[in-house]
Every structure is written in structure tokens, then in C-alpha cells.
Amino acid sequence: MKLKILLLTILTLGAMTVHAQKITGDWKGMLSIPQANMELELIFHITGEGADLSTTMDVPAQGATGIPVEKTSFADGKLTLSAAALQFTFKGTLSGNTIEGNVEQMGFSLPLTLQRFESKLPGNTALPSTEEELKALAALDKGNYKYKVEDYFAKPKASAFQLSPNGKYLSYMEKDDAGKRHVYVKEIATGTVKRAIEEKDELIKGYGWINDERLFFVMDKGGNENYHLFASNIDGSNTRDLTPFDGVKASILNMLKEQKDYMIISMNKNNPQIFEPYKLNVVTGELTQLYENKDAANPIQGYEFDKDGELRGYSRLVNGIESELYYKDLATGEFRLLKKTHWDDTFGVIAFNYASKNKDEAYVLTNLDSDKTRIVLYDLKQNKIIREIFANEDYDVSGLHLSRKRNYEIDLMAYEGEKSVVVPVSATYKELHKLMEKEFKGKEFSVVDYDDDETILLIAVQSDKLYGTYYQFDTRTKKFTLLYDLMPQLKEEDMAEMRPIKFKSRDGLTIHGYITLPKAALEGKKVPLIVNPHGGPQGIRDSWGFNPETQLFASRGYATLQVNFRISGGYGKEFLRAGFKQIGRKAMDDVEDGVRYAISQGWVDPDRIAIYGASHGGYATLMGLVKTPDLYACGVDYVGVSNIYTFFDSFPEYWKPFKEMVKEIWYDLDNPEEAAIAKEVSPFFQIDKINKPLFVVQGANDPRVNINESDQIVTALRARGFEVPYMVKYNEGHGFHREENSMELYRAMLGFFAKHLKK
């Protein structure tokens, strides 16, 4: 009897020990799948206690995070996880920091061992709203609407059309049923299509033709912006990571069309703060460094190569605020100081004048002796202007285009005013321009690609009501052929008008912008308004054309206001400089004056105004709720700065050489007077002034605006008792690029606006 009692005691104690073991936390294991000859890492995040346990699952290789697990149970040391939608069940037994068990899915049973680990996800993982909470928010967007979020934000079935240099092939990205966008190559003569590049776990952020046989593509990891360059043959063979270096950001400087197997790239391989040029063999991956950036304190910020790959000049950042442009003496090979300018002055080579016998001639974009940038023909050796090529008295000139086939003749020049303006120059382009004007009347059009022979052209057409169409134009037959309508489901007649506007700021500055008006506003009704300040802020601007955001908002009855406030680009350097050290102050005044202008026109209900923006626009959202809380009913902060102090401290390494420049644009925290202003215009320090609903959105891997910027504003507001919905995606960076994430964001945003703007 004593023995029986003893055994019962031991068993009871054992059971108590098992029950006392903690199951909550982060667990990971490697699932071996012999049928697919692969291994897949699975991560589970278990929270709660007792009968209220809940779990989410991550599959890093598939870029999937936060997958809900409907059922979580833990009893007698046995863990069961079930995700019915995935036909997935895991059953395992806990022992210490290990769970031994099996995964059952779609008739297969596979062993899986989970190990406890400390999650290293960025930010405070306890802060984001649950999937259920965000779905409940999205569900508030009620109504019988003709168009859904996916009609605007599902990526086109096919896009990014390009021609091969020889004109024999047409490449494009095409989306499969899983949302992956692969690159395909179509032989134009036969119609034969082959997949050249497969999109796997990471998004293809861009691609293009290197030569007739080989393509490049660009990827980073989870939105961290450390871009790698890859290359693949057009049949999908010989795929190679050309820049296989951790923590390195690569970019293309020159394609070297005269040397088909080479390009010139830039990398911060030797020092994370410094970018240096390399000649890259796109077949073998061989790298040759072309120049050494020796002065880390005064780094080279730009290199100028000619079409033959010869380094002709470079610009150096001195003391963080001055630019020194050096030009190579072709006779001696020495680099001589050509210009010394302030960082916000413009003097840059657009292209060398290869049509001239004088190899020192170049087309230069400059505003050194004018307010607006203009194009001049310049003798770089003599350091003097030969003649002015093109200027506009109201707007900065943006560039020109040369015909390689016709001995580098100027085809066109361009600038952006209220809309994009192209000025034809050559007889060839004048003829083409007339044909396009006739064919695409009332729309914006541009030649986006062409073969080396300039026989076959790709033309993109868009407007404020047309997302975009691609046409092929044959210069021999003068015939336009429709290739693809990017968004055929969006009918022009249903889309809203984007109207250019102009008004005076309170201190007399002329401010430009755009307002997208739903049909109700055009009928004389006062509608809710969403104010959408742009990012940057310096040198960036909003433009006329199709905007999926403003069209989505219009489909729900909201007008959208976009203001090119002082410091925006395209309006001259005086306008740019007028915004220096005015972020959060006069730049916000301009936005507010735009709102009052919209109200004065009778379009807007003054009691139903929201503010929403990304990056600096996210900061402007927070600052708007601080500065003029009575003006706005609510706000959406998307990857926005909340604290100028922590924002400066979190710069990525390659931004740090530009810190002095940032001080001139924002505020110098080493200057007590400016530091005080920076604190006044940091929403985090004015949290008590925010009294309107706020929705916060963040990419966890954002290298520009660290997740802490969002975490701290959410934490501070919730500490005051505010309900703050908070969406975080752990496979995104500075903005959401994955289709599923983007659509989830806009659904939740529409629900948020419906809650606070609808009557």
C-alpha cells in the first residue's frame, strides 16, 4: 500500500511538473519534405495562458508572417496546433525547451522538432494589432461599391514591358496565381514565350536588358534596401548573383552598350558609408574596381562615365554640405577641380555631346546662375557655357533625349509644370509627336523603350483617369499596335478627375497642387476630404496622372488634396530653400492653406477632413494632428517620423555622410535654438496635443524610418488611453510592396476612414 501511494505521488508530481512548463513564447523548427526535396523553416509564436492560448505562424522562405492558427491547445504536456485553412495540424510533446511532434497536412505526416528561441523580430512585437482587429476595422467600409480595393491595388497581370536591343524580343513581368511576378521573354516573330526569371521568396524590384542574350534583375531582403544585382540568360539559364555581399547596396551607373558583357556599378563594399565604382562582367561575375574613394570624411557622391566606360569626372561631398566637381583633363589624365558649389545647387552632366569633335563638350543641367534649372551646352575643359539649349521661366527643366542612331541628335526636351511637357526638337521626333498627339488625344504619352535601330518603339499612355496602356509603334509602317491595358477593369468613365490647383500661402508664396474630386463634389455636394502630403520632403513633388490611392478614395466619396508645399521639387531653388528648417512649420502652413482653399471652393465638408501620408507624409500626419487638431477628424501615419531626435540617430550607414546636409534641411540638434524647435515639431514630445483618432502603419525592416518611430508613438498614445490600430508587416521595409500586404492596408484604411468620416 505504501508503494502504491508513493507511485501515485511521483506520478502526480510529474504531472504537476509538466503542467507547470511554459508553452508560450517563440518556437522554430526545420520541416524536411522529401517529396519536394526541400527543407522549410517554420516559426510559431504562442501567446496567452490557459484556455486562451493563441498562435501565429511564420514561413520565412515564403515571406509569410503572422499566419493565424485557429486552434491552440496545451494539456498534459501535449501541444496541438490546427490551421484548417491550410489543412495543417501539428501535435507534439513538450520536454524542456523542445517539442517533439509531427505535422499532418494533405495526407502527409512529417516529423518536426521545435526549439524554443528568442524572437529577433524588429520592434516591440506585442504592439501590433491582431489580424482579427484589423479585419474588424476593414469591415467598417460598408457599401455597394462598383470597385474593390484589389481593382486598384492588385498588380497588373502583365507589366514592365521592354524591348531587347536587337528588337527581336519583348520582355515583361507576368503575375501567376500565387501573386509571384516572373519575367518572361517573347520572341516577336514566332510568339514563343519562355520564363527567364523566376520570382521566389523575395520580390523582383526591377529588371532590364543587358544585351540581346542576358537580363539583369534587382532584389533586396525583406525591404532592407541592400540591393543585389542578378543576371540570367533569356532562357532562364546561368542565373548568377553578381553582387553576393552581405550588407552591401549595389546600383547600376552605366550599361555600356558598346561593351555588351559589361556594366559599371556602384557598391559600398569596402566601407558601408562610401560607394565606389566597379566594372562588372555580367556573365562571369568578375569585378574590377575602377576608382578608390580614399577620403571617407569627404566621400565621392557621384561618378561620371562616358559611353565607353571611361571615368570623366566625379563629385565629392566636402564637410557634408559642399560639392566639388572634378573633371579629367584628357591630355594629362589628371582630375582638376572644376566647380565648387553648395549641395543644393545644380550642376550635373546629362550626357556628353558625342556629335561634337570636341570631347570636352557636354549637356549640363544647372541653376548656378538662375533660379530654375536649365540645360546648357558646356565646355568642361574651358569651364564655360557654349550656349543655352533650353529653359523655362516657371519650372525646372528636367532633361533631354538624344538619338544614338542619328549621331546623338537632340530629339526632345522636357519639364514638369502642372502636367508633364515634352518639347520636340528633331524633325524625326516632331513627326512622331504629331502622330502621338493625334492617336492619344488628351492623354500623356511617352516613348519608354526602343530597339538599337530605333525602328520599334514602346509607348506608354496614361491620364488622370487611365492607369496606363502600352503600344508598339513601327516607324516603317507608322502603325500603333495596342500591346496591353494594365488595368482593364477600371473604366475611364468611372474614374475621378484630378484637377491642378494654385493658391497663395499665408505669407504670399504661390503654391501648386492637385485635388481629385469624386462625382458628388462636381455635382455641388460637400464631400469628406483626405489630405495627402508627399514624402521626401525636399525635391519631391506630386504629379498629375493616374493615382490608385486617390481613385480608390474617390470611389468611396472622398476628395484627395495633394499640396506641393515649399521645399517640393520642380519649382526652382528659391522655392526649395524656402522650406529649409520649416519642416513641421511653414511647410505645414502650406498644407493647411491648401485645405482652406479647398473649403473655400465649396468642395469640402470642413467637419470631415482626414490627413494621411507616408514617410515625411506620415510625419506631416502626426504633426497635423498636433499643430491643428481642430482641422482634422483623424489621421493615418504610414512609415512616418515621430521623433526627429531618434530619427537622426537611426540613419543607415550610407546616409551618415549626408548628416550635415540633413541638418540644413531639417534642424541642427547641436544648435540649442534649433534643437528646441526640433523638439517642438517632434510629435512624440507633443503627444498630449493629439486628440483625434490615429491609425499607424509600419514596415518592420524599414532602413529609412526605423520601426521605433512608430512603436514609440503607439506606446505613448496607448499609455494615454488612446485606441490606436497598428499594422506592422515583418517582410516589408519603407512602404509595402507585396500585393497582399498593400491590399490589407487599404482595406483597413478604408474602414478607418469610414468610421471617422462617414455621417
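The values are calculated or read from the model by the stated rules, or taken from the named source; none is laboratory data. Just so you know, these numbers come straight off a predicted model, no measurement behind them. With ideal geometry, Cβ positions are generated from the backbone for all residues, glycine too; neighbour counts draw on all protein chains shown.
Lys146 fails exactly one of the following numbered conditions: (1) surrounded by 14 or more Cβ atoms within 10 Å (Cβ to Cβ); (2) part of a loop (DSSP other than H, G, I, E, B); (3) modelled with pLDDT of 95 or more. What is the number of that condition?
That leaves (1) as the condition not met.
Sort out for me the strands (runs of 3 or more DSSP E) sitting completely within the range 406-501 that have 1 or more residues that are more than 27 Å from Leu522 (Cβ to Cβ) and in contact with a Lys or Arg (Cβ under 6 Å, 6 or more places away or on another chain).
420-424
Evaluate the following for Ser159: is it small (Gly, Ala, Ser), outside the structural domain of Ser650 (by TED's automatic domain parsing), assigned to a strand (DSSP E or B) and touching a residue at least 60 places away in the same chain (Cβ under 8 Å)?
yes
Conditions first: (1) free of Cβ contacts under 8 Å to residues at least 24 places away in the same chain; (2) exposed (fewer than 14 other Cβ atoms within 10 Å of the Cβ); (3) part of a strand (DSSP E or B). Ala126 passes all but one, so which condition is the exception?
Condition not satisfied by Ala126: (3).
Hey, could you check the range 275-297 for residues that are surrounded by 14 or more Cβ atoms within 10 Å (Cβ to Cβ) and among the polar types (S, T, N, Q) and say which is modelled with the highest pLDDT?
The qualifying residue modelled with the highest pLDDT is Asn281.
Collect the residues in the range 302-315 that are within 30 Å of Val662 (Cβ to Cβ) and at pLDDT 95 or above, keeping them in residue-number order.
Tyr303, Glu304, Phe305, Leu311, Arg312, Gly313, Tyr314, Ser315, listed by residue number.
State all residues of the range 729-740 that are more than 21 Å from His534 (Cα to Cα) and outside any loop (DSSP other than H, G, I, E, B); if no residue qualifies, say none.
Lys729, Glu739, Glu740
Do you know which residues across the range 397-420 are exposed (fewer than 15 other Cβ atoms within 10 Å of the Cβ) and farther than 21 Å from Ala355 by Cα?
Correct list: Lys419 only.
If I filter the range 199-250 down to residues being of a type in the set (A, V, I, L, M, F, W, C), within 20 Å of the chain's Cα centre (by Cα) and assigned to a loop (DSSP other than H, G, I, E, B), which single residue comes out as surrounded by the fewest Cβ atoms within 10 Å (Cβ to Cβ)?
Ranking the candidates gives Val248 first.
Looking only at the range 282-334, which residues are among the acidic types (Asp, Glu) and in a loop (DSSP other than H, G, I, E, B)?
Within the range 282-334, Glu286, Glu292, Asp295, Asp306, Asp308, Glu310, Asp329, Glu334 meet the criteria.
For Pro693, all conditions in the list (1) closer than 24 Å to Gly536 by Cα; (2) touching a Lys or Arg at 6+ places or on another chain (Cβ under 8 Å) hold save one; what is the number of the exception?
(1)
Got a number for residues in the range 368-396 being surrounded by fewer than 20 Cβ atoms within 10 Å (Cβ to Cβ) and either modelled with pLDDT under 95 or in contact with a helix residue (DSSP H, G or I) (Cβ under 9 Å, 6 or more places away or on another chain) (or both)?
Final tally of qualifying residues: 3.
Taking into account only those residues within the range 179-198 that are outside any strand (DSSP E or B) and under 22 Å from the mean Cα position of the chain (by Cα), which is surrounded by the most Cβ atoms within 10 Å (Cβ to Cβ)?
Lys180
Could you pull out the residue among Leu114, Leu94, Leu121 that is surrounded by 14 or more Cβ atoms within 10 Å (Cβ to Cβ), in contact (Cβ under 8 Å) with a residue 24 or more places away in the chain and part of a loop (DSSP other than H, G, I, E, B)?
Unique residue meeting the criteria: Leu121.
Quick one: would you say Asp141 is in contact (Cβ under 8 Å) with a residue 40 or more places away in the chain, assigned to a helix (DSSP H, G or I), surrounded by 16 or more Cβ atoms within 10 Å (Cβ to Cβ) and of a type in the set (D, E, K, R)?
For Asp141, the condition - in contact (Cβ under 8 Å) with a residue 40 or more places away in the chain, assigned to a helix (DSSP H, G or I), surrounded by 16 or more Cβ atoms within 10 Å (Cβ to Cβ) and of a type in the set (D, E, K, R) - is not met.
Taking the condition of being free of Cβ contacts under 8 Å to residues at least 40 places away in the same chain, part of a helix (DSSP H, G or I) and small (Gly, Ala, Ser), how many residues in the range 709-728 meet it?
Residues flagged as free of Cβ contacts under 8 Å to residues at least 40 places away in the same chain, part of a helix (DSSP H, G or I) and small (Gly, Ala, Ser) within the range 709-728 amount to 2.
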